[in-house]
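Here is the structure we will look at, set down as C-alpha cells.
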Amino acid sequence: MAQEKLKVYINGREYEVERGTPLGEIFKIAKVKKALGGKLNGKILDLQSPVRESGEIVPITRRDPESLEILRHSLAHIMAQALKEIYGEKKVHLGVGPTTEEGFYYDVEVEDHRITEEELPQIEKKMREIIKRDYPILRQELSRQEAVRLFEELKEKYKIDLIDRIPPEEPISVYKQGDFVDLCRGPHLPSTGRAGAFKLTSVAGAYWMGDSSKPQLQRIYGMAFWEDRELQERLKFYEEVKKRDHRRLGRELDFFTIDEDVGAGLILWLPKGATYRKILEDYLRQEHQRRGYQFVYTPHVGKSKLWETSGHLEFYRENMYPPMEMDNETYYVKPMNCPFHIAVYKSKVRSYRDLPMRLFELGTVYRYELSGVLHGLLRVRGFTQDDAHIICTEEQVGQEIKGALSFAMEVLRDFGFEEFKVFVSTRPEKSVGSDRQWEITTNALMDSVRELGLEYEIDEGGGAFYGPKIDMKVRDALGRYWQLSTIQFDFNLPERFNMTYVGEDNQRHRPYMVHRAMLGSIERFTGILLEHHAGLLPLWLSPVQVVIIPIADRHVDFGSKVRDTLSLAGIRVELDAREERMNAKIRDAELKKIPYLLIVGDREVESASVSVRGKREGNMGSMKIGELLDFLKGKIEAKE
C-alpha cells in the first residue's frame, strides 16, 4: 500500500515526502545543516520527530530562541537520569519534566529520602558525567499496551497515570539515552553531549497534577542557556532577586508574618507594616475622594442566594471557602466585593442624575488557594483589594474609562513606577452582551489609551466572557513586569442582578458597569513594592522616616527635644536611646532601611543642629531643625 505523500516547504522550496518521515531525513534531502529541529505549523519538532502534516518547516539552530526549548527539555531528562543513578533506579519515580521560561524542572518522588538544596551540586556533577558520555537520544513510538507494560516494569506509577491521560488518537512516544528511558513528546537534542550551560537552582514541593489530594512530589528547578556567559548573567540577576525577596525584607523590616497556627496564606501585619498600610490606605482614600468616588463598607459573608445570582457558585466554587450554616441559611465568605457593591447601588431607585456612581472600598476577600502556590504576600488566601465599581450611562463610558486610566497612572507614579505596558483585551469566542455593547466599550478602552499617549497591545479574544478590559503592567527596578491595574467592563452582572436606572425619558435602562482596581490587592502590591525599592520605601510611605541617634547618654535629652519637634510637625520619628555603641545603632537603622539618620553629639547640642545621613544621599552635613523640616516636608509633598 502506497504511503501518503505530504508537501513541505523549506527555505522557499517545495519537497514531497512520505507521511511519517523523520524531520532529520527531510533536512538531509533539503541539505539543511546545523539544525537541531524545526518548526512546523507552530509546533517545535526535533530531528527524530515524524512529520505527519504538510506545511512550511522553519529550521531551528542554536541561534534561534526556540532552540532553548530543545536544550532545556533534554536537560530535564539528563537530570532525571542523574537522579536515578544517584538514588537508585527503582527508588526514583518520575512525574513530569517540562521547560520553563529560563530553564526546566522535574517533579520526582524518591523513596525514603527528601532531596535538599545541599545535594544539588552532586546532581549537577552526575549530569555533567552523562553529558560527557554523549549518549544518542533516541525516539520510539509504542502502542498503549507496550507503554503501560514498559513503565510497569520500571515501577513508574506516575508515567502510567500520564499514559491514561493521553487521548486515544495521539501517538505515545518514549525517548532513550543509555539505559534511561522516559515517556515524552519531545523535542530533544540528538545526543546528551550537545547540551549547553546549566545550573540547578532550588527544590520545592509540588502536588501531583496540582491536586492537593494527591501525593506531594519534589520539584527540582534548573536554569539553562547555550552559553555560560548568558547563564552567569541570569544567575547574577537572580542573586539580586534573592536580595530583594519581599519575604526576607518583610522579616528585616518587621512588616508582616505568617503564623501556621493562624493559617497558611493569612497575613499578620506587624506594627511597622500596619503603619505603612495605614499610610497607603489613607492615601488611596484621599485620592479617590478627590475624584468623586463614594466610600462603602460591606460584610465579609453573604447568603448563598447572592453567590447563586452572581454565578460564583456555578463558576468559582472551587476557589471559595466551604459554606457555613446559620439560622437555617447558607452563607459563604466573600471571594469578591462586586455583588455587595451592586446591592449598594440597588438599595434605592437610581436616576440618570445619580450617574456616574463610583463606589470604592478597601474590601477584604478570601479565596482558597492551593498551599503549593502560596508565596509570601504575592499569593495569599485573605487579601484586601482597592476595589471600585463605576456604574454609568452609555454616554459616560468614554470619559469614565479615560479618568480611571489616568488615575491609575498617577497613582503608580506616586509609588515610583515609571514604565508601563498596556494591554487591551477584546471579545472572546464565548461571551455575553450585545455587539453594540462590545463595540462601544472596546472602542472606549482603545480611545482612552491613545488619548493618554500610551502604547498598547491588543490581546485578541483575551477579554473575559462578560466584557473587554485594560490590564496595565509596570516595570520594576529589575526589569520585571507585574500586572497591577485593571479596568474591566461587565455586561453579565448588571443583567443577572437586573440593575437599572431611570433615564431622561422616564423609562428604565440598563447601566454599564466597570470593575476597577489601581493596585490589585494591598498584599500583593506591597510585595512588589518592597522588591522594587529593595525595602527602602519612598520617604512619604516609610513607617519610620527618621531615626535620631545620640552619641552618648548626655545627648539623649537633646535628641528627645528634636524627636518631639519633628513628631509635632508630622514626621514619623524614633529616638534610639539604647545603651549600644553609635556604630551598632547606625548599622541597625540601615538594616531597617530608615531613610534618614540624625546623629547628635556635643557639637550638635551646642549648635542646636543635627548631623544628617541619608540612606540614598549619604552624609549630608549639619542642618538646623527648621532647615531639616523644610527639606523633609518638601520631599514628602513631592512624593520623591
From the list 12, 20, 42, pick out the single residue that is on the phi > 0 side of the Ramachandran plot, modelled with pLDDT under 95 and in contact with a Pro (Cβ under 6 Å, 6 or more places away or on another chain). 20
Do any residues in segment 59-83 that are in contact (Cβ under 8 Å) with a residue 60 or more places away in the chain have Cβ atoms under 8 Å from those of residues that are surrounded by 24 or more Cβ atoms within 10 Å (Cβ to Cβ) and acidic (Asp, Glu), where the two are at least six apart or on different chains, and which pairs are they? 70/46
So which residues in segment 399-428 are part of a loop (DSSP other than H, G, I, E, B) and within 17 Å of residue 467 (Cα to Cα), if there are any at all? 426, 427, 428
Only strands (runs of 3 or more DSSP E) wholly contained in segment 238-350 count here; list those with 1 or more residues that are β-branched (Val, Ile, Thr) and either outside the structural domain of residue 507 (by TED's automatic domain parsing) or modelled with pLDDT of 95 or more (or both). 301-303, 329-333
Subset of segment 470-490 [under 18 Å from residue 394 (Cβ atoms) and either free of Cβ contacts under 8 Å to residues at least 24 places away in the same chain or surrounded by 22 or more Cβ atoms within 10 Å (Cβ to Cβ) (or both)]: 487, 489, 490
Give me the residue from segment 356-415 that is under 18 Å from the mean Cα position of the chain (by Cα) and of a type in the set (Gly, Ala, Ser) and, out of that set, surrounded by the fewest Cβ atoms within 10 Å (Cβ to Cβ). 371
The correct count of residues that are among the small types (Gly, Ala, Ser), crowded, with 19+ Cβ neighbours inside 10 Å and in contact (Cβ under 8 Å) with a residue 40 or more places away in the chain in segment 25-56 is 2
Does residue 87 satisfy being among the hydroxyl-bearing types (Ser, Thr, Tyr), more than 25 Å from residue 225 (Cβ to Cβ) and either modelled with pLDDT of 95 or more or assigned by TED's automatic domain parsing to the domain that holds residue 181 (or both)? yes
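The values are calculated or read from the model by the stated rules, or taken from the named source; none is laboratory data. Model, not experiment: these values are computed from the prediction. Positions of Cβ are generated from backbone atoms using ideal geometry, with glycine treated the same way; all protein chains shown enter the neighbour counts.
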